[in-house]
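S.K.: Handing you this structure, nothing more for now.
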Amino acid sequence: MYLESRRTFLKGAAMTVAGAAIAKGVFSTDAAAESVENSKFTNTPDSLSFYPPLDQWEGFQELDGNDWKRGGINRHGVQSEENPDGIMVNDYMLVPTACSNCEASCGLTAWIDKKTFTVKKYMGNPLHPASRGRNCAKGYAVQSQMYDPDRIPFPLKRAPGSKRGEGKWIRTTWDEAMTTIGKKMGDTLRNGDELSRKSVMYHVGRPNENGFVPQVWETMGLDSYNSHTNICSSNGRTPSIWTANDDRSSPDWANAKLIFLNSSHAADAGHYFQQSASFIADARKKGAKMVVMDPRMSNSAGMSDLWIAAWPGTEAAIYLYLANRILSENMTDKKFVKKWFNWETLMNDHKHLDFMLEKGQITKAPTGNSFDDYMALLKDMYAPYTLEYAVKETHVPAYKLEKLYEMFIWAGDAISTYIWRAAAAGNRGAWMGGRAAYFCIGLRGAIGTEGGTFFHHWHVISVSGKGGSSTLGQGAGGADVPKVKVWNELTWPPEWPLSTYEMSYLLPHLLTDTAWQKKWNDRGLKVPSKLSVYIPRMYNPVWINPDGFRWIEVLKDETKMELTMNLSPVWSETNWYMDYVLPVGLAGERHDQHSEATFPARWTSFRQPVLRVALEKSGWKAKNPNRATLEAHVKAGLGEVWEENEFFFDLCVNYIDPDGSLGIKKMWESKRHPGKPVTIPEWYDAAFGDNLPKLKETATNDERYSKEEFPVYAYLRDHGAWMEEDKIYNAMERELKFEDGEVISHGHKFDAGSMSVGTAGVIKAKDHHGKDTTIGIEIDGKKMEGFETLTRKLEFFTQWATDWKWREYAMPFYPRNDKEKVEMVHLVSHVNHMYMKEENSFALNTVFRLPYNIHTRSANSKHLMEISQNHDPIWIYTKDAQRLGFKRGDAMRVKIVDTVSGLDSGYFVAMAVPTEAVMPGTLACSHHGGRWKLTNHVTVPNGVTDGKVDPSTAPRDLNNKEFLKESPANIGKAGAQTKIDDYSGTTGINSFGVPVAEIQMDGKIGKLKYVEGIKGFKAERFAEYNRDSENIWWDGLSGSWQNAVAAPHPDPISGMHCWHHKVILEPAQPGDKIGDIFVNYDNNFKVYQAWRDQLSRGLDSNSTIRRPRHIKRPWVSLDSTAYDVTIKS
Amino acid sequence: MDEIIARSNIYALLSRILLQELDVEILNTLMEDKTVLEFLPHWNEWELRTTLSNQKLLEEYLNPDFTNLSLLHLVPYETFYTRADQMIETGGANPVTDIYSAYDFIVDYAVARVVSSDHIGVELEFMHHLCQAQIKAIEESDHESVTELLAVQHRFLNTHLLKWAPMYLINMKYESRTPLYYDTAEMALEFILSDNEMLSAVVPKVS
């Protein structure tokens, strides 16, 4: 029929108006269309890969994202001379680096616009084996940090005549700062006495590098490296040390059948978050189950297969319930246990077996010392950990524990877990939870397996401090650096000989506690009463540590801290009280070798100052090769922002020891250019090349790099990441290697001729200093490396702990009744339900991380602050809130009470959010909130001398030869201060994320009250990037500064500050505002003393060494004499 | 030659009516061209067409009806019918853009005032341009191009317009409240089906 009608349509030819005149004419075939045709761009690409191949990284064209919003190339074509209205094409150079916003070191690429020499965006690095081109919100925030209008533009110095904390600053030069600081350090060291070598202290927040800065301090012979670890994760590391003598666990998430998270960490925040979450997603796609144990329903718990809300600190009881069932139902992997548990040690230690019998840990003495006797002993020992017991102690319903056991057994030997913060960081004694976890995982043989749980040191690369062959003095890998011969009691006090890391959070207390100093000085130690120089690095101890007002007191006291400087790119609470603030770079502005154990492989990332690298790859050469990063940042308009590597090279060679008399200068003097500090390419080519043979072979045989002066450095400069070894499973079974009369174990060499096999197969040999060392184990005739323990097996009987006064905890254990909870209080959380006697008392869970915040560094990332505005409320169970009359949004006084001393610490005022997502009787409020500042702006005139110079005259353009020829002369020196782009002389302070507060403190009582929220403003610096700075709709309040209210709670064994609190909830009083705090820091001092004196078991007159020699003493290598001690009666 | 001119004109006419509301100029054509009036019989016979002023006709009858048919109640975009989620693909992933780009055509959205390039008016105008190209090829005795253009027209009809336009046009016919759009819907439906039959006969196989 249609053909019939067609004859009618033929009439169309007779229309009076031609079709061409009728049609609207919506198509064009002009330059726009041709520009698309002539370009490589298409709306329908063959793949959706974000990243170009590596060979295009030096020159990659991409359509502009913002411009694209106008409608894309189908509407406007591609921009060209003929088609100026088309979509803009960016001409990028991609430079790899690594994120530094959390510890995971995910790969990044900086997309540097050549035409403006700015970083247009940060994306992931597809060559990074662990992050695989992906990042979390914090990774993409690196750009907003780079172009932060409030970032510190030049070195700052406290104004002469002003007091610390007055807020008066002047601009200074890098040279002046380094001269002053270097002289003070040099003078201190020249005293040559023991105290002097404890009087310079470096204090790092998150190191994010593997050994560089520790090497700096080691070359100075100082025991001065202090880390934040004991407020972070040390209770999580202790079980690894006691069990495997390793720093931490290392999961194989991607291949696990059961992902057992003892926290919200890994899957939705916290340690290695993005990489872990991706691997966990891979596993779940393959059918893995996920269990989350957490009193708070985190995002991870919400998407888990099983949520276990255990009372904080009782997790060990759950693990031991699992152990009991595994043992009693004969589900043990006996082959693994027989091979790798140190059962022989226990079964031959009759003293300890008698002790266990005496204490009722076992009901009968073993009849023999065979493996079967051991298994019988374990069954007997763990039989009391019944379902009924576990339910009573943990408050977890029975059906959930039974379900957990089913899943645990179902997963076989593919159970992955990560023992870290969470329960451990919150609770006294919770290190035992991790130890009990390893125990039941070990019973199932899930250690070292594919999909199982393993240990850190096999999965990490630490070479950052090992570039010594490039220097005159250090020798290959630092072999010629003398070991440190002092022991610093301020970081390793005698009360905590087994502390996992430094007792860093007690620094102000120890400096204030003259009675403590006198006590130990009287007993023969030399305890510093002051610090000559205190150097935090990108760290904010005032805000993040417990008892913040005590920190302020000590930082302000010039008799206790004579000279202070913070290496910090941004403003912080701590910086306000410093003598110097020296701006070093962020993720894309510094060099670091950084590796983490995020999957069963050994990979490293290489963090780089991307703008410097881009300049150098374009042909630019620094005027001063030892300050190339500083020159590059000035050229890029970031300001006089440097990096620590070059800073320390220069400081050691030219400022601390300019004449070489201290022996420090040669340690950092370039072998190629004696008299000058080593350069970045020299150092890293050696650090990587001397220690990573596969990388060296690859780089030196790659025609792109083989002709480079520093081929290994160049390879990592271009790739940003490297994997030296993959699929590392069951590494304890690696056989000992023999080469040229030496035997190699765990990468260390020993004299093969001195090797002997002793009790239980333990192999010993002499090291290069002639010292007998356990190096491996022989089992069934096979000589293997084993674990790093003294017995080379997993030590579920930690015999050495009995020598350090903790015999009752040598085996995995948790108090089985109320009597034992009193006797073994060290294992009982200070927020256990037995302490909750008042109807309005609660256990406050504080340690969960917020996935979008980064402690100190996130406060002025607009991108992150905008997505994180929730005032960090108090999660309270609905019926608890109802019972006490609290409704959503109500202000509450949260009063902190210590359960050891019974003292009040004060209170903070926070907002109630009733929810079903928290365990009854517990509260949740992250301690990562409550940032504050004392003023909105600070005026520091732009330039203090006549030498205010323009950094360059040619426009910033990597294609412009004139621009590449220029570089600022005499950078960092007097008279060469550069003009800072668009800087008027006044800078804002964390304008995007921190409100203004007033503080009052009198030595005993401290108060803080917020007085002014943040407002939109017109950014002057980096105005183009910050063009929406006037759009601020949030007030900046990020919760209460609860850390200041918190008293220090040092765990008697691990030294961890146990973050959780017993709190009493009260309604807010008239005048209270959310965010207010009231602190009795006089009481907090007494709380520290109570925990120290009532719980710790320190050195005494019987002690001969400060700490077991075989366990890790982090950061610097100590001479064996440093361990020796004599304590007077 | 008449046939291709007729096809070109009809695609242009239908494209224009279905693309945007009418203006006075096109309304005059629709009022006066006898051929057009023959194509649109109810419009031809509609009393109000001759009794109302053009302005009143546009503002109170035709343009409200157009708005109803193409903006409010019906959706004249291909991807609305072809995507499982009934979302209009406004970006570069719209499949119709591939074929436009292949012939160096680019939609000028400022002129078209549509949200995506698979609007029925745009697709019909594309057919009009293919017909115009064919006219040019015939004039230049470029038989190879003629053959290819017929194949392209056939392919475009089958891979795009015929996949969805009938559904829209049938609904339009029943939703319309004025004889002009009622007739246009019917004519457009009949024409594209008829045109496909013709093309199927002359194009050996769908390429």
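S.K.: Any idea how many residues of segment B:2-23 are facing chain A (nearest Cβ under 8 Å) and either under 20 Å from B:Val122 (Cβ atoms) or not β-branched (Val, Ile, Thr) (or both)?
M.R.: 14
S.K.: Among the numbered criteria (1) part of a strand (DSSP E or B); (2) farther than 24 Å from A:Glu1030 by Cα; (3) touching a Gly at 6+ places or on another chain (Cβ under 9 Å), which one does A:Tyr907 miss?
M.R.: A:Tyr907 satisfies every listed condition except (3).
S.K.: Exactly one condition in (1) closer than 20 Å to B:Ser15 by Cβ; (2) touching a residue at least 24 places away in the same chain (Cβ under 8 Å) is false for B:Ser101; which is it?
M.R.: (2)
S.K.: If a residue has to be facing chain A (nearest Cβ under 7 Å) and more than 22 Å from B:Leu130 (Cβ to Cβ) to count, how many in segment B:93-116 make the cut?
M.R.: Taking segment B:93-116 first, the residues facing chain A (nearest Cβ under 7 Å) are B:93, B:97-98, B:101, B:104-109, B:111-112.
Checking the rest, the ones that are also more than 22 Å from B:Leu130 (Cβ to Cβ) come to B:93.
The total comes to 1.
S.K.: (1) touching a Ser or Thr at 6+ places or on another chain (Cβ under 9 Å); (2) crowded, with 16+ Cβ neighbours inside 10 Å; (3) in contact (Cβ under 8 Å) with a residue 12 or more places away in the chain: which one isn't true of B:Leu48, the others all being true?
M.R.: Of everything listed in (1) touching a Ser or Thr at 6+ places or on another chain (Cβ under 9 Å); (2) crowded, with 16+ Cβ neighbours inside 10 Å; (3) in contact (Cβ under 8 Å) with a residue 12 or more places away in the chain, B:Leu48 misses just condition (2).
S.K.: Provide a single number: the residues in segment A:859-876 that are buried (at least 22 other Cβ atoms within 10 Å of the Cβ) and outside any loop (DSSP other than H, G, I, E, B).
M.R.: Selection size over segment A:859-876: 6.
S.K.: When only residues in segment A:723-762 that are under 26 Å from A:Ser605 (Cα atoms) and at pLDDT below 95 count, which is surrounded by the fewest Cβ atoms within 10 Å (Cβ to Cβ)?
M.R.: So, considering only residues that are under 26 Å from A:Ser605 (Cα atoms) and at pLDDT below 95, the one surrounded by the fewest Cβ atoms within 10 Å (Cβ to Cβ) is A:Gly747.
S.K.: Please specify each residue of segment A:253-295 satisfying the condition of being closer than 20 Å to A:Asn101 by Cβ, in a loop (DSSP other than H, G, I, E, B) and of a type in the set (S, T, N, Q).
M.R.: A:Ser263, A:Ser264, listed by residue number.
S.K.: For the list (1) within 30 Å of A:Leu958 (Cβ to Cβ); (2) of a type outside the set (D, E, K, R); (3) not in a helix (DSSP H, G or I), I need the number of the one condition that A:Pro674 fails.
M.R.: With respect to (1) within 30 Å of A:Leu958 (Cβ to Cβ); (2) of a type outside the set (D, E, K, R); (3) not in a helix (DSSP H, G or I), A:Pro674 is out only on (1).
S.K.: For segment A:819-829, state whether one or more residues are of a type outside the set (Phe, Trp, Tyr), on the phi > 0 side of the Ramachandran plot, in a loop (DSSP other than H, G, I, E, B) and crowded, with 23+ Cβ neighbours inside 10 Å.
M.R.: No, segment A:819-829 has no match at all.
S.K.: Any idea which residue in segment A:457-477 is nearest to A:Met732 (Cα to Cα), counting only those that are part of a loop (DSSP other than H, G, I, E, B) and not small (Gly, Ala, Ser)?
M.R.: A:Val460
S.K.: All but one of (1) surrounded by 15 or more Cβ atoms within 10 Å (Cβ to Cβ); (2) at pLDDT 95 or above hold for A:His928; which doesn't?
M.R.: Among (1) surrounded by 15 or more Cβ atoms within 10 Å (Cβ to Cβ); (2) at pLDDT 95 or above, A:His928 violates only (2).
S.K.: (1) more than 10 Å from chain A (Cβ to nearest Cβ); (2) touching a helix residue (DSSP H, G or I) at 6+ places or on another chain (Cβ under 9 Å): which one isn't true of B:Glu190, the others all being true?
M.R.: B:Glu190 satisfies every listed condition except (1).
S.K.: Considering only residues that are of a type outside the set (Val, Ile, Thr), crowded, with 18+ Cβ neighbours inside 10 Å and touching a residue at least 60 places away in the same chain (Cβ under 8 Å), which ones fall in segment B:104-120?
M.R.: B:Ala112, B:His119
S.K.: Could you count how many residues in segment A:1090-1102 are in contact with a Ser or Thr (Cβ under 9 Å, 6 or more places away or on another chain), surrounded by fewer than 16 Cβ atoms within 10 Å (Cβ to Cβ) and not charged (D, E, K, R)?
M.R.: 2
S.K.: When you check B:Leu199 against the structure, is it in contact (Cβ under 8 Å) with a residue 40 or more places away in the chain, surrounded by fewer than 21 Cβ atoms within 10 Å (Cβ to Cβ) and either within 14 Å of chain A (Cβ to nearest Cβ) or under 21 Å from B:Ala12 (Cβ atoms) (or both), yes or no?
M.R.: yes
S.K.: From the list A:Arg816, A:Arg792, exactly one residue is on the phi < 0 side of the Ramachandran plot, part of a loop (DSSP other than H, G, I, E, B) and at pLDDT 95 or above. Which is it? Talk me through it step by step, then tell me what you get.
M.R.: On the way: A:Arg792 fails: on the phi < 0 side of the Ramachandran plot.
Of the residues listed, the single one that is on the phi < 0 side of the Ramachandran plot, part of a loop (DSSP other than H, G, I, E, B) and at pLDDT 95 or above is A:Arg816.
S.K.: Among the helices (runs of 4 or more DSSP H) confined wholly to segment A:20-102, which include 2 or more residues that are under 30 Å from A:Leu611 (Cβ atoms) and within 10 Å of chain B (Cβ to nearest Cβ)?
M.R.: Answer list for segment A:20-102: none.
S.K.: When A:Lys1073 is evaluated against the numbered criteria (1) closer than 30 Å to A:Trp800 by Cα; (2) in contact with a strand residue (DSSP E or B) (Cβ under 9 Å, 6 or more places away or on another chain); (3) among the charged types (D, E, K, R), which criterion, by number, is the only one it fails?
M.R.: With (1) closer than 30 Å to A:Trp800 by Cα; (2) in contact with a strand residue (DSSP E or B) (Cβ under 9 Å, 6 or more places away or on another chain); (3) among the charged types (D, E, K, R) applied to A:Lys1073, the lone miss is (1).
S.K.: Given (1) within 34 Å of the chain's Cα centre (by Cα); (2) farther than 29 Å from A:Lys114 by Cα, where does A:Ala974 come up short, assuming only one miss?
M.R.: (1)
S.K.: Which number in (1) in a helix (DSSP H, G or I); (2) away from chain A (no Cβ under 11 Å); (3) touching a residue at least 60 places away in the same chain (Cβ under 8 Å) marks the one condition that B:Val75 misses?
M.R.: Among (1) in a helix (DSSP H, G or I); (2) away from chain A (no Cβ under 11 Å); (3) touching a residue at least 60 places away in the same chain (Cβ under 8 Å), B:Val75 violates only (1).
S.K.: Could I ask something else about it? Could you tell me whether B:Gly121 is out of contact with any helix residue (DSSP H, G or I) (no Cβ under 8 Å at 6 or more places or on another chain) and either more than 7 Å from chain A (Cβ to nearest Cβ) or among the small types (Gly, Ala, Ser) (or both)?
M.R.: no
S.K.: Now a separate question. Limited to segment A:1076-1127, what total is found for residues that are assigned to a loop (DSSP other than H, G, I, E, B) and farther than 23 Å from A:His1049 by Cα?
M.R.: Within segment A:1076-1127, residues that are assigned to a loop (DSSP other than H, G, I, E, B) and farther than 23 Å from A:His1049 by Cα number 15.
S.K.: Hey, can you tell me all the residues within segment B:24-50 that are touching a helix residue (DSSP H, G or I) at 6+ places or on another chain (Cβ under 9 Å), farther than 19 Å from A:Phe9 by Cα and more than 10 Å from every other protein chain (Cβ to nearest Cβ)?
M.R.: B:Val24, B:Leu27, B:Glu45, B:Trp46, B:Leu48, B:Arg49, B:Thr50
The values are calculated or read from the model by the stated rules, or taken from the named source; none is laboratory data. Being a predicted model, the structure only gives us computed values, none of them experimental. Heads up, the Cβs are rebuilt from the backbone with ideal geometry, glycines too, and the neighbour counts pull from every protein chain shown.
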